[in-house]
1. Of the residues L186, L248, L176, which is at pLDDT 95 or above and part of a helix (DSSP H, G or I)?
2. Got a sec? Which of I40, I25 is in contact with a Pro (Cβ under 8 Å, 6 or more places away or on another chain), among the aliphatic types (A, V, I, L, M) and surrounded by 19 or more Cβ atoms within 10 Å (Cβ to Cβ)?
3. Being farther than 26 Å from V73 by Cβ and either surrounded by fewer than 17 Cβ atoms within 10 Å (Cβ to Cβ) or not aromatic (F, W, Y) (or both): is that true of M199 here?
4. What are the pairs, 6+ residues apart or on separate chains, where a residue within the stretch 96-111 that is within 30 Å of V41 (Cβ to Cβ) has its Cβ under 7 Å from a residue that is near the ligand (Cβ under 8 Å from one of its atoms) and at pLDDT below 95?
5. If you take just the helices (runs of 4 or more DSSP H) that sit entirely in the stretch 1-91, which of them hold at least 2 residues that are at pLDDT 95 or above and more than 16 Å from L225 (Cβ to Cβ)?
6. Tell me, which residue of the stretch 130-160 that is under 24 Å from F234 (Cβ atoms), of a type in the set (G, A, S) and out of contact with any Phe, Trp or Tyr (no Cβ under 7 Å at 6 or more places or on another chain) is nearest to the ligand (Cβ to nearest atom)?
7. What number of residues in the stretch 85-110 are within 16 Å of the ligand (Cβ to nearest atom), over 17 Å from the mean Cα position of the chain (by Cα) and surrounded by 15 or more Cβ atoms within 10 Å (Cβ to Cβ)?
8. Quick check on the stretch 58-66. Is at least one of its residues free of Cβ contacts under 8 Å to residues at least 40 places away in the same chain and within 16 Å of the ligand (Cβ to nearest atom)?
Amino acid sequence: MIMMNFPSADLTGRAAIVTGSSKGIGFGMACALAHAGADIVVVSRNLKEGEQAAEEIRGLGRKAIAVSCDVTVPASIDAMVVKSLEAYGKIDVLVNNAGMNIRKASVDFSEAEWDTVVDTNLKGIFLVAQRVGREMIRQKSGKIINIASIFGMVGTPMLPLYCASKGGIVQLTKCLATEWAQHNVLVNAIGPAYIRTPMTEGWLTDKERLDYILSMTPMKRLGTLEDLAGPVVFLASDWSNYVTGHTLMVDGGWVAR
Ligand SMILES: NC(=O)c1ccc[n+]([C@@H]2O[C@H](COP(=O)([O-])OP(=O)(O)OC[C@H]3O[C@@H](n4cnc5c(N)ncnc54)[C@H](OP(=O)(O)O)[C@@H]3O)[C@@H](O)[C@H]2O)c1
């Protein structure tokens, strides 16, 4: 019989930065990583909300610190990475999740709105990956997980800047993966469909919109924070040690239609 050395999904002793983890999807993924054993850096601009999230994660029995950081500002990212290294001495996992959205007719967007959305969702993802990537290259290991969307794969009305930035994340993920594989730094993405969070809860109160979303979703339900737990732990752990450049859709089948 061939003996196989199966890896583990245990993240005990691993340090994970999760941007945008004071609430919503980022908080859910930070909890999932902590549940699997990881120590967490909670990143958001609002420190008070970040501290509350870190307190809840510590309740899971892991270490967690909160750091205020704006992912569009390089000096702020640098300070966040320095604090993370002071706390844990290394960075094993980066979940590049912070993002935002403006929804309106394409002809009505201003240039300033383009800058706000694309700077947060695409430039911010690159700047954080670049700064953390330098540490991971030095360490000769690391896992980066960028949060894209179904709207990085398919188009939809009223979301041109969001779709452009999320499509950019899918491509950026492939580029960094091909460049950093030689350093054992693996770069993947997750593409969720609609999940109730502070970003979407207002939008999802409208029955007509909800019906449309369900009509587009073969599984006929919204996603949940729990649905993202397995995918993020998989991509953060040794289970995915030969997976890089991939965008894992967690969408109830939306883009498979
Ligand atoms: N919810 C969905 O249905 C859905 C579906 C697909 C993809 N996504 C993606 O998942 C990610 C999280 O979405 P969500 O729904 O959880 O959003 P959310 O509830 O609005 O939470 C956004 C998080 O990002 C932080 N953030 C925003 N801008 C930031 C900046 N410039 N610097 C640092 N942190 C920043 C926020 O904290 P502060 O405001 O304090 O900075 C907050 O912690 C986004 O990338 C989004 O595009 C969401």
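1. Exactly one residue qualifies, and that residue is L176.
2. Numbers: I40 fails: in contact with a Pro (Cβ under 8 Å, 6 or more places away or on another chain).
Unique residue meeting the criteria: I25.
3. Values: farther than 26 Å from V73 by Cβ: no; either surrounded by fewer than 17 Cβ atoms within 10 Å (Cβ to Cβ) or not aromatic (F, W, Y) (or both): yes.
No: the conditions fail for M199.
4. Correct list of pairs: N101/M199.
5. Correct list: 47-58, 74-88.
6. Going through the qualifying residues, I end up with S149.
7. 1
8. Yes, the conditions are met somewhere in the stretch 58-66.
The values are calculated or read from the model by the stated rules, or taken from the named source; none is laboratory data. Computed from a predicted structure; not experimentally measured. FYI the Cβ positions are ideal-geometry reconstructions off the backbone, even for glycines, and counts take in every protein chain you see.
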